[in-house]
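Peer 1: I am attaching a structure below and will ask some questions about it afterwards.
Any read-out appearing in this document is the output of simple, stated calculations on the displayed coordinates, not a laboratory observation. Fair warning: this is a prediction, and the values are worked out from it, not measured in the lab. Cβ: placed from backbone, ideal geometry, glycine included. Neighbour counts: every protein chain shown.
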Amino acid sequence: MTQAPAVPARCTREVQSFYEAYPYPSERSPMLRSGFCLRRVLSMGSLSREPGRTLQVLDAGCGRGVGLVTCASLHPDATVLGVDICERSLQDAREEIARRGLSNARVQALDLSTLAGLEVPAGGFDVIYSSGVVHHLEDPMGALAKLREVLAPGGVLVIMVYGTIGRLEIKRVARTLKAWLAPGLTIEEKLEAARFLVQGLAKGDADECPWQAAASLADAEFVDRYLHPQETDYDIPGFFDLIEGAGLAWLQWCNPEAWSLAGHLESGPLRDSIEALPLRERLSAIEQIRAPKNLQAFAVHPENSARTLPPPKQWRETLFAANPEVHFAVGRRNLWRSSRIENVAFAKRAAEPVDLEAGCTTEAGLILSTQNEPFRGAALIEALKVAGYDEAQALEGLRELLRLELIYSPHEVELT
Ligand SMILES: C[S@@+](CC[C@H](N)C(=O)[O-])C[C@H]1O[C@@H](n2cnc3c(N)ncnc32)[C@H](O)[C@@H]1O
């Protein structure tokens, strides 16, 4: 049911005028975010979506549309709706949608505190993105609970909020600026005064000091980071309270590498003891060690749960697809009338490229590097057999590809 948007509450109006003055982000180039691939995101929950329905996506707090435009361009068969309270940002998003000729995307002005006026597709939204938004609302948990109500039963919510531990330094700068700024200034005046202070403090200080980091930011990022009128950040207990208090269940991180101790703590008794802790305690310990600035996770209805794959003996019949969050690089040397593959590397999300280990996994990576159709496990196993590997080695190769997240298993419904 469509209702007229209600008049926003005072705090919401303050946030709204803040973004009208400085629409976020400063650059409006499309952005590939962790979790951008709809079918991979949906493959993580045990419940699949209804067959024959168009994929429905909501970007809750889409800003200038940098994530929305990417999602709509990469999924022409999905319908993408972006909502935000900032008309200036929405206008930019509209222009970008029109410039790219995206007929599957549109935006709507709407207050996420109430969702009044939201046109909910029958069956709900399959994927809801909300990146850097709910922590700016007066009642983040209440707003998240409203988003849960419009999430399809097998749907996935992709959320990013600020992390407490990773932003301690940012908070220190923000608190210092707040203490020095005269009360009652407009946001434009605050920015000017804060810029002046930051420039002075950045001079002559050590490299990579927080004042220099602040000095190098564009206006939209500067105000968003240091002068925001409404912001909550979350540690692990707070984050789980937020998700569960909204009636959702945490599924996993969008960027699991940020929550891994590999490369940060040598294997040994300390690492073993952290890894043996119950989930939340383990994550709290890692949070102290790695201090992520943002917490980015997939969340689902509690009736949904993390999907488990069938055992390897059934992988011949299982549906797989290459993970679009992975970028392959094949090192090919051209010889006299022949060429030689010297290495196959992959880069996952924002990580640096890594060479695949020589052998069956490299061969599989080489096959995958040109694979844009979903495939049955049998097809890859047979291709590896042609390359000289036996069934057991091929299954081991598949296991490694899954472990490295180079492939995922879409729900069968995606073929309909
Ligand atoms: C930091 S920006 C993030 C924008 C976008 N998600 C991105 O990552 O580029 C936060 C956005 O939330 C929007 N926002 C804040 N409060 C809102 C509310 N009550 N209803 C709708 N949008 C809101 C702001 O207008 C702003 O565009």
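Peer 1: Straight-line reach from Lys171: which lysines fall under 22 Å, measuring Cα to Cα and dropping same-chain residues less than 8 apart?
Peer 2: Partners within reach: Lys190, Lys203, Lys293.
Peer 1: Separate question: At a 10 angstrom cut-off on C-beta neighbours, averaged per residue, how do the peptides 148-160, 40-52 rank from highest to lowest? Don't skip to the end; give the middle numbers.
Peer 2: Values: 148-160: 22.4, 40-52: 18.1.
Ranked by mean Cβ neighbours within 10 Å, highest first: 148-160, 40-52.
Peer 1: Charges only on Cβ, +1 for Lys and Arg, -1 for Asp and Glu: so what's the dipole of the chain about the Cα centre, in debye to the nearest 20?
Peer 2: Values: 43 positive and 55 negative charges, 95 e Å.
The dipole magnitude comes to about 460 debye.
Peer 1: Can you pull the percent of Cα pairs in the chain with separation above 34 Å? List each step's numbers first, then the result.
Peer 2: Details: 32768 of 86320 pairs.
When all Cα pairs of the chain are counted, 38 percent exceed 34 Å.
Peer 1: Separate question: Expressed in nm to one decimal, what extension gain is obtained for the pair Ser17 and Glu95 from 0.36 nm per residue of sequence separation less their Cα-Cα distance? Don't skip to the end; give the middle numbers.
Peer 2: On the way: separation 78, 0.36 × 78 = 28.08 nm, distance 2.09 nm.
This chain segment gains 26.0 nm when fully extended.
Peer 1: Checking the table Lys313/Lys385; Lys178/Lys348; Lys146/Lys348 against a 27 Å threshold on Cα-Cα, which pairs fail? Mind showing how you got there, number by number?
Peer 2: On the way: Lys313/Lys385 16 Å; Lys178/Lys348 39 Å; Lys146/Lys348 33 Å.
Violating the 27 Å limit, Cα to Cα: Lys178/Lys348; Lys146/Lys348.
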